[in-house]
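What follows is calculated from the coordinates using simple rules that are stated; it is not laboratory data. Please read these numbers as outputs of a predicted model, since none were measured by experiment. All Cβ positions, glycine included, derive from the backbone under ideal geometry; neighbour counts span all protein chains shown.
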Amino acid sequence: MPVFLTLLARLCVVLLLGNAASAQSLSYVGSDTCSDCHADQADLWKGSQHALAWTRPTPQTMLGDFNDAEFDDGKTVTRFSTREGEYFVTVTEMDGQTTQYKVHSAAGIAPLQQYLLETEPGRQQSLDVVWDVEQERWYNLYPDQVLPPDDGLHWSGPYKTWNGRCAECHATGYQRNYGARTGKYTSTTAEMGVGCEACHGQASAHLGWTEGQDVLAGGPPNIDAYGFPIGVKAIGDQQCAACHSRRESLLGGNPNPGTPFADAYTLATLRPGLYEADGQIKDEVYVYGSFLQSKMFARGVGC
């Protein structure tokens with residue numbers, strides 16, 4: 001058994017180093033660079049939910065009412081305001097403590113928009129009070145829950161930490177960079193929002209191809225003749241599944257584009273409470289698990 005565990009540990013190291021090496025060989029260039037040649041596609045993308053999955057707060061991106069609006073659900077009081085072009089949320093908790101937070105960024109555009117508050121340098125938390133875009137009102141995502149600030153499910157708790165729970169699927173090239181000893185995040189991202197390279201892969205070698213370089217002869221390993229990661233086309237719908245599924249990470253999150261789904265994640269299957277009896281969505285399973293159980297998938301329909 002000790003020999004087996006040693007071999008298993010070495011295999012895990014090889015997989016992780018291989019993943020890191022691949023990331024170092026290609027780099028992200030940004031969606032603006034892609035748009036120089038792919039203008040029509042970029043115009044369609046710019047107004048999409050992918051492009052606006054995560055944005056900095058500006059008058060154009062912030063949809064909620066921040067004109068000194070107040071939301072009181074009988075448990076907490078949340079006030080939304082602006083000052084000198086910046087956005088703030090003031091929360092009075094169940095224990096009477098009031099704290100004002102600066103809005104770091106916004107998530108999504110429809111049917112709701114959620115706001116991320118930086119509770120300490122580098123750490124963003126997802127506020128449970130969100131903006132209903134269609135009805136133009138504030139509401140609590142979990143109206144039946146009564147959570148004191150020390151509860152892990154409270155909006156300021158670990159289960160609502162944006163860096164570790166959500167960000168990788170709202171960004172391109174996201175690295176959470178959590179320090180286990182310090183408990184701090186020094187997260188980085190190549191691009192906020194789901195950009196071109198989040199699905200198509202890092203495009204640095206592709207830029208070389210556009211300039212006439214023989215990327216197969218002198219480029220990074222594991223790329224196709226156009227300079228993209230070779231696995232992106234091969235895995236097909238699995239690329240979508242990396243975010244559009246209920247899953248557990250095997251590699252610490254955010255694998256390189258083109259990584260087969262089962263090499264990076266374990267899919268949540270028919271566990272109680274997740275799916276309806278006929279396989280349809282019940283809890284937040286994010287489509288893919290139900291899709292695999294569907295007649296559409298069985299007959300060859302893809303995303």
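Stretching the chain fully between ASP73 and THR90 yields a gain of 4.7 nm (0.36 nm per residue, less the alpha carbon separation). For the chain, leaving out every one of the GluC sites (Glu not before Pro) that falls in a DSSP loop and has at most 13 other Cβ atoms within 10 Å, the longest unbroken run is 1-83.
Set the Cα radius of gyration of the range 110-191 against 2.2 N^0.38 Å, with N its number of residues, and you get 1.18. With Cα atoms as the point set, the radius of gyration and Dmax of the chain evaluate to 21.4, 66 Å.
In the chain, helices alone account for a calculated mean residue ellipticity at 222 nm of -6500 deg cm²/dmol, with every DSSP H run of four or more residues adding -39,500 (n - 2.57). With respect to the chain, whose longest principal axis is taken over its alpha-carbon atoms, helix 2-25 is tilted by about 90°. For the range 54-164, the fraction of C-alpha pairs farther apart than 17 angstrom is 50 percent.
Along the chain, the longest continuous region that contains none of the trypsin sites (Lys or Arg not before Pro) in a DSSP loop with at most 11 other C-beta atoms within 10 Å is 1-180. Across every pair of non-identical alpha carbons in the range 177-222, the mean reciprocal distance, once inverted, gives a Kirkwood radius of 13.4 Å. Mean separation of Cα pairs under 8 Å and 6 or more residues apart, divided by the residue count, gives the chain a relative contact order of 13 percent. Across the range 46-58, computed HN-Hα scalar couplings (Karplus, 6.51 cos²θ - 1.76 cosθ + 1.60, θ = phi - 60°) run 4, x, 7, 5, 5, 4, 9, 5, 7, 9, 6, x, 9 Hz from first to last residue, x flagging Gly and Pro.
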